[in-house]
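Data first, discussion second: the structure below is written as structure tokens.
The values are calculated or read from the model by the stated rules, or taken from the named source; none is laboratory data. The structure displayed is predicted, hence computed values, not measured ones. No Cβ is skipped: glycine too gets one built from the backbone with ideal geometry, and neighbour counts run over all protein chains shown. Please note that ligands, DNA and RNA were not included when accessible areas were found on the heavy atoms of the full protein model with its side chains. Shrake-Rupley method; radii C 1.70, N 1.55, O 1.52, S 1.80 Å.
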Amino acid sequence: MRRPTPNQNESPFGFDELFFSTTNERGVITFGNDVFVRVSGYHRETLKGAPHSIIRHPDVPRAVFKLLWDTLQAGRPIAAYVKNLSANGSFYWVYAFVFPIQDGYLSIRLKPSSPIFSVVKNLYTATLAVEEKDGMEGSVPFILEQVQKAGFRDYTDFMIQAAFAEINALPEKDQSTKTSRAGGISEISDISSKTSQDLKDCFKRVQDFQNINKSFVATLENLTSGFTQLKFNALNMTVAAAKFGEVASSLGVVAKEFSDLAEQIRSHLSGLEHFEQNLTETIQKCTLKIVSMDVQMMMVDFFIKESIEKSQHAENAFSDMMIVRDSFANLFRGNSADLAIEIKALADQLSKISSQLADVKRFTTGLEVIRQIGAVESARVNEVKVTFVHYLEEMHRFITLLQTSNASIQKSVHDLDSHCDVIGQIASSVAGHVDTLFEKAASFSPDATAQAV
């Protein structure tokens, strides 16, 4: 098939439209919804059986597709900005989510508009220049390096944050569906809208996960800085006590005991840093699952609304949905089961952190007792008191930092734990709701009902 020559015209589609397609493991198109057919400009018969690369635009670096296929073949989902090529040579940009499914892949695309999208277009231009000079051996590392330079932990973090940005930028959808047919179709629409809203709640809470975890990380970094300052303070206090000789010898002991106990706290907080790393990784996994399920539910909801509109003038409006029913349902079940495992792991980690925090709180009380002993001892001689008042104030500031940090981390743990409960409950019900949707949709597709479960 002769490929069209790219031009500067854009193939339009709305922010309220989603299009999706499935391919086999070799990337050959097996299904596409009506929006995909319309925007691509090809006949449905032409698309089915064609390689998905039929819509590949030369403005997208090959490195992007290398990352995409490597990730998918490892059994993991991926999202990327892609510029596609229509049959008439026009272009259209999408933010594409691609998921491994039974015997192939599912791609869901939405219209991008966030600030990240503008940055990515410039990145792709720069990557094409690197690719022309150094091939994919140079362009793949270049993209990953630029992603990290932009402040993202890795490509997975980038695609999650981009998903947040693009989904949040979409206009609010009208959940009502105008139809003259009541009964089953109305019930299908209601279940779909309710499930979408539940996942939107999950989506919001998982964004909170990210923000809470950032606060957690910032608090630990602040404490690390506080310990560095404390080390110098304890050393200076010991030197000053030695200069005063016997009259201030007890303050040297106070400095040592304060430093030793603070070191025990540091050891516990080092454990927290380890937990924080695991926590960040687990939250990322949970976030990716929730984002994936949210996008998939957006797709199912759009598919249902699309089918309901078609039902106004066609009796087999839901037959297309039945073609991909099993793949979609299995995808939801798998994501729901995986998310339950990740949420359980997250809850276990939060429980261990709570135990660590209880020890830190107890040690902090011991530090305050030592500081007060130091204040009493330094007050015995005015010259000693004047010299040591600064050191004791630094001790007090450090204790206050520990107390506020401990309280902040405890709040983070509590908030994360609360979100875990809600997300776990919603995730466990979503797969069942999707199964119900497809079962009810099957009743409106007589030809497909016979071959459906």
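Beta bridges per DSSP, both residues in segment 6-122: antiparallel share near 95 percent.
What the Cβ-Cβ distance of Arg333 and Arg56 gives, at R0 = 35 Å and to the nearest 0.05, is a FRET efficiency of 0.65.
Note on surface exposure: Val381, Val369 rank Val369, Val381 by accessible area, highest first, 1.4 Å probe. Taking amide hydrogens as placed 1.01 Å from N in the peptide plane, the amide H of Asn33 sits under 5 Å from those of Phe20, each at least 5 positions away in sequence or on another chain. Take the Cα of Asp154, go 7 Å toward its beta carbon, and the backbone nitrogen atoms of segment 271-295 under 20 Å from that spot belong to 273-293.
Dimensions of segment 208-358 based on its C-alpha atoms, expressed as ranges along the principal axes with the largest first, amount to 99, 22, 17 Å.
Relative to the globular-protein estimate of 2.2 N^0.38 Å, the Cα radius of gyration of segment 8-66 stands at 1.17.
Scanning the chain for GluC sites (Glu not before Pro) in DSSP loops with at most 16 neighbouring Cβ atoms within 10 Å leaves 26-171 as the longest stretch between them.
Within the chain, the longest run free of exposed loop sites, counting trypsin sites (Lys or Arg not before Pro) that sit outside DSSP helix and strand states (H, G, I, E, B) and have at most 14 other Cβ atoms within 10 Å, spans 182-379.
Between Arg362 and Thr400, what FRET efficiency follows from the Cβ-Cβ distance if R0 is 22 Å, with the result rounded to 0.05? That gives a FRET efficiency of 0.85. Bridging of Lys289 to aspartates and glutamates at a Cα separation below 12 Å is possible for Asp338, Glu342, once same-chain residues fewer than 8 apart are set aside.
Positive end of the dipole of segment 1-142 (Cβ unit charges, origin at the Cα centre): among Val39, Phe142, Leu72, the Cα lying farthest that way belongs to Val39. Shape class of the chain from the alpha-carbon gyration tensor: prolate, with a/c at 1.5 or above and a/b greater than b/c. The long axis of helix 115-134 is offset from the longest Cα principal axis of the chain by roughly 80 degrees. Think of the chain as a dipole: +1 on every Lys or Arg Cβ, -1 on every Asp or Glu Cβ, centred on the Cα centre; then among Leu346, Asn233, Ala96, Ala96 lies furthest on the positive end.
Dividing the summed -39500 (n - 2.57) terms of all DSSP H runs of n ≥ 4 by the residue count of the chain sets its mean residue ellipticity at 222 nm at -25000 deg cm²/dmol.
Pair-distance distribution of segment 299-453: all C-alpha pairs, bin width 10 Å, starting at 0; shares per bin in whole percent are 9, 22, 16, 13, 11, 10, 8, 6, 4, 1.
Each Lys and Arg contributes +1 and each Asp and Glu -1, all at the Cβ; summed about the Cα centre of segment 288-429, the dipole is approximately 580 debye.
With R₀ set to 51 Å, the beta-carbon distance separating Ala74 from Glu246 gives a calculated FRET efficiency near 0.15. Spelling out what I want: for every residue of segment 43-53, take phi, set θ = phi - 60°, compute 6.51 cos²θ - 1.76 cosθ + 1.60 (Karplus), and round to whole Hz; glycine and proline get x. Working through the residues one at a time gives 5, 4, 5, 6, 5, 5, x, 8, x, 4, 5 Hz. Amide H contacts of Ala50: Ile29, each under 5 Å away and 5 or more positions distant or on a separate chain (H built 1.01 Å from N in the peptide plane; Pro and chain starts excluded). In terms of its C-alpha gyration tensor, segment 48-172 comes out rounded, because the ratio a/c of the largest to the smallest axis stays below 1.5. The slack between Val369 and Asn278, meaning 0.36 nm per residue of separation minus the straight C-alpha distance, is 29.4 nm.
Taking other residues whose beta carbon is less than 13 angstrom from the beta carbon of Phe65, and scoring Lys, Arg as +1 and Asp, Glu as -1, yields +1.
Of the residues Val120, Ser267, Asn7, the one whose Cα sits farthest towards the positive end of the charge dipole of the chain is Asn7 (charges of +1 on Lys and Arg Cβ, -1 on Asp and Glu Cβ, taken about the Cα centre). Simple point charges give the picture: +1 on the Cβ of Lys and Arg, -1 on the Cβ of Asp and Glu, and for the chain a dipole about the Cα centre of about 520 debye. Here the accessible area of the chain is 53 percent carbon and sulfur, with a 1.4 angstrom probe and all protein chains present.
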